[in-house]
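A.B. asks: Let me begin by handing over the structure; questions about it come next.
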Amino acid sequence: MEYTVKENQLDYDTYFALRESVGWNNFSKEQAQKAISNSFYSVTIEHASEIIGMGRVVGDGMYFTVVDIVVAPEFQGKGIGTTIIQTVLQAIENSMCENSRVSVQLLSEPGKEEFYIKQGFKLVPHEYCGPALRKIIRR
């Protein structure tokens, strides 16, 4: 399957539609637009002129949180999620200073933990918010 990776072009309409496609609650338009514009990095995946996946990263240079990893249901299981995760991790790594390390974290939807573990994240169970996963990158 052919698709295009686009960096830092996520917009509210795409954000809203992809979250809705997987049954996630959406935020207010103003709140979501502010969050998108304050993202450290975002990626979208386009196939046949349709955005079918997205991911965002928020962070301060030492700590990063991967959020909003979504692949439209009809395109799941085709390696698109892996491309999104690898792309956002590469963007984080590219931003790093020499001799530095960062902590990359995310919260997983229940049942999706194994996907992230395959991407190098470690499961960090937490009694209040479900499984959290973390990855340390060193340069």
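A.B. asks: I'm told Ala48 meets every condition in (1) among the hydrophobic types (A, V, I, L, M, F, W, C); (2) surrounded by 15 or more Cβ atoms within 10 Å (Cβ to Cβ); (3) closer than 20 Å to Lys78 by Cβ except one. Can you identify the failing condition by its number?
C.D. replies: Every condition holds for Ala48 apart from (2).
A.B. asks: Right, next: Within the set of pairs 6 or more residues apart or between chains, which connect a residue that is of a type in the set (Asp, Glu) inside the range 50-64 to a residue that is modelled with pLDDT of 95 or more and surrounded by fewer than 23 Cβ atoms within 10 Å (Cβ to Cβ) with Cβ atoms less than 9 Å apart?
C.D. replies: Glu50/Ala72; Asp60/Phe40
A.B. asks: Quick one: which strands (runs of 3 or more DSSP E) lie wholly within the range 37-139 and hold at least 2 residues that are at pLDDT below 95 and not acidic (Asp, Glu)?
C.D. replies: 101-107, 122-124, 132-138
The values are calculated or read from the model by the stated rules, or taken from the named source; none is laboratory data. In this text the structure is predicted, and so the values were computed from the model without any measurement. Because the Cβ atoms are built from the backbone with ideal geometry, glycine has one as well, and the counts that use them run over all protein chains shown.
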